[in-house]
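Please read the structure below before turning to the comments.
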Amino acid sequence: MARTDTVFVCQSCGGFQPKWSGRCDSCGEWNTLMEETAGASAPLGSSASAPKKTRRGKIDFVDLGGDSPDPTRLQSGIAEFDRVCGGGLVPASALLVGGDPGIGKSTLLLQAVAGLARKGVTTAYVSGEESAGQVRRRAKRLGLADAPVQLAAETALTAILDGLKAEKPDIVIIDSIQTMWTDQLAAAPGTVAQVRACAQELTRFAKKTGACVLLVGHVTKDGQIAGPRVVEHMVDAVLYFEGERSHQFRILRAVKNRFGPTDEIGVFEMGDSGLQEVANPSALFLDGRGEPASGAAVFAGMEGTRPVLTEIQALVAQSPLGTPRRTVVGWDSGRLAMVLAVLEARCGLAFGGRDVYLNVAGGLKIAEPAADLAVAAALVSSALDAPLPADSVVFGEISLSGDVRPVGRADARLKEAAKLGFSKALAPSNATELAAGVTVSGVSSVIDLVRRIEALSVKE
Ligand code: TYD
Ligand code: MG
């Protein structure tokens, strides 16, 4: 007897399992499993009886050293965007631009595509979320109405592909991939099966016709919307647009790029007339620093190829609670627990009965281990109530033994610090020879760090 098979597909990662459960076994997200009939993900009409096209004959091999010209890059003129893409958009490629709803993805891509269109590149913007009128009104507000962008409001993939094949644009924006649906599948629009099938079709279109296709994907932290994660491996580059909604800064970050470096960031400021580029992010992130206060340390970090200075703020306060609070914004809470444990075990600083708050100013998210020493400096400065000198920066990685380890690109970090008027640095000992207008005090261990900060409070 034929069984009617149903599978439960995770709407976040695309994994499937035969039974429903509250939590996806593949990615660990809660409440993301949705029932689908097993056939829903398979293309309609692709039954066993249908003859399959197979390639016959053998494949040819070529040398690695063969001549392949570098791809020509299409530049939007928005330097921050072009740099994150690895120097511009590459023909015959597919990109995913992900981010929280309302963060500014549509705005950024409309600005980029308008820049390209003004240079004579043929561009198409397909909106599945907003009507043509809404996009036009936005373009008018942003002063882009005169750019020759082809605009369409449509969600049916077959119609979109037919339109694109007729128009043959160089750049295509699909806003967003979650609104697209193909009638080749029985699955409902917005499900992982649809997202995956549409992304595959559009990627194939890009490779076949030489167009550059940019897919917009909404990401939510609770995985409520079919996840662009299933799309990540299909496309050539994945860019994430992030930022705190309450801050006006937005950061475009490349997490995968087949045509350029990853971890490159572009910094933007959301204003009344759309997104403005921020050419000097350090100045922006350090803007508004007042008198030196305890608990603040300036971290000389690297974001991709660029040095970026940010202020790390810590507050260590007596806790009224049985279990003290540990609150982190912009950094990894596991890493904070490690730094606290090292400070406690190696320097005897007690954080047990105290609340610890850590904040990276400006809404930047830091992932570098080089921030360890800056975090430790901020924590110690707050715990001892000893402000760090206003003209000093801090960087270095801390190991569990309490030693401070060297980090990469110390010269670039110091140069950026010097450029912004800093004259001192607390850094790993190997950075002391790098003269860049900054006097480097080599810190060998966390005990050394605590001693130096204690000395500051005595001097006051
Ligand atoms: P949008 O690009 O629609 O976000 P997404 O496509 O990622 O969902 O951006 C929407 C937000 O940006 C909205 O909250 C309003 C704000 N915004 C501005 O502040 N200034 C502007 O000029 C524009 C166009 C949008
Ligand atoms: Mg949008």
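Coordinate-derived values only; no laboratory data. The structure displayed is predicted, hence computed values, not measured ones. Note that each Cβ is placed from the backbone with ideal geometry, even for glycine, and that neighbours are counted across all protein chains shown.
Return the FRET efficiency for the residue pair A367, A390: r is the Cβ-Cβ distance, R0 is 30 Å, and the value is rounded to the nearest 0.05. Before the final figure, lay out the partial values.
On the way: r = 26 Å, r/R0 = 0.88.
Taking R0 as 30 Å, the efficiency between A367 and A390 is 0.70.
For the chain, what is the calculated [θ] at 222 nm in deg cm²/dmol (nearest 500), taking -39500 (n - 2.57) for each run of four or more DSSP H residues and dividing by its residue count?
Numbers: 11 runs with 121 residues, N = 460.
The helix-only estimate for the chain comes to -8000 deg cm²/dmol at 222 nm.
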Do any GluC sites (Glu not before Pro) in segment 341-449 lie in a DSSP loop with no more than 11 other beta carbon atoms within 10 Å, and if so, which? E433
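Taking K and R as +1 and D and E as -1, what net charge do the other residues with C-beta under 11 Å from the C-beta of Q75 add up to? Each step should come with its number before you reach the end.
On the way: positive: R73, R83, K119; negative: D82.
Taking every other residue near Q75 into account, the sum is +2.
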Interchain or long-range residues, amide H under 5 Å from S93's placed H: C212, V213
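On full extension of the chain, what length is gained from W30 through R452, given 0.36 nm per residue of separation minus the C-alpha to C-alpha distance?
Details: separation 422, 0.36 × 422 = 151.92 nm, distance 4.67 nm.
Between W30 and R452, full extension yields 147.3 nm more.
Go through segment 357-460 and name the trypsin sites (Lys or Arg not before Pro) that are in a DSSP coil and have 13 or fewer other Cβ atoms within 10 Å of their Cβ.
On the way: sites: K365, R409, R413, K415, K419, K424, R451, R452, K459; in loops: K365, R409.
The qualifying sites: there are none.
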Checking every Cys Cβ in the chain against the others at 4.7 Å leaves as unpaired C85, C198, C212, C347
Test of the criteria: in segment 318-353, which trypsin sites (Lys or Arg not before Pro) are in a DSSP loop and have at most 16 other Cβ atoms within 10 angstrom of their Cβ? R325
Can you tell me the orientation of helix 192-209 relative to the chain, as the angle in degrees between its alpha-carbon axis and the longest Cα principal axis, to the nearest 10? 80
Any idea what angle helix 333-347 forms with the longest principal axis of the chain, computed on alpha-carbon atoms, 0 to 90 degrees, nearest 10? 20
Using r as the Cβ-Cβ distance of D411 and T37, and R0 as 45 Å, what FRET efficiency do you calculate, to the nearest 0.05? 0.15
Can you tell me the length gained on complete extension of the stretch R23 to D146, counting 0.36 nm per residue apart and subtracting the Cα distance? 39.4 nm
Need one number: nm distance between label points at S399 and K208, each 7 Å from Cα along Cα→Cβ, rounded to one decimal. 5.6
In nm, to one decimal, how far is the A418 label point from the K168 one, both placed 7 Å along Cα→Cβ? 5.4
Taking amide H positions as placed 1.01 Å from N in the peptide plane, with prolines and chain starts having none, which residues 5 or more places from G98, or on another chain, fall under 5 Å of its amide H? G217, L239, Y240, F241
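Can you compute the FRET efficiency between R118 and A188 using 1/(1 + (r/R0)^6), with r the Cβ-Cβ distance and R0 = 41 Å? Round to the nearest 0.05. Walk me through the numbers on the way to the answer.
Numbers: r = 39 Å, r/R0 = 0.95.
Here the calculated transfer efficiency is 0.55.
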I need the Kirkwood Rh of segment 387-460: take the reciprocal of the average 1/r across all distinct C-alpha pairs and report it in angstrom. 12.5
Measure nothing fancy, just the Cα-based angle from helix 105-118's long axis to the longest principal axis of the chain, in degrees from 0 to 90, nearest 10. 70
Using a 10 angstrom Cβ neighbour count of at most 12 plus a DSSP loop assignment to flag exposed chymotrypsin sites (Phe, Trp or Tyr not before Pro), which longest range of the chain is free of such sites? 62-460
Roughly how many debye, to the nearest 20, is the charge dipole of the chain about its Cα centre, given +1 on each Lys and Arg Cβ, -1 on each Asp and Glu Cβ, and no other charges? 900
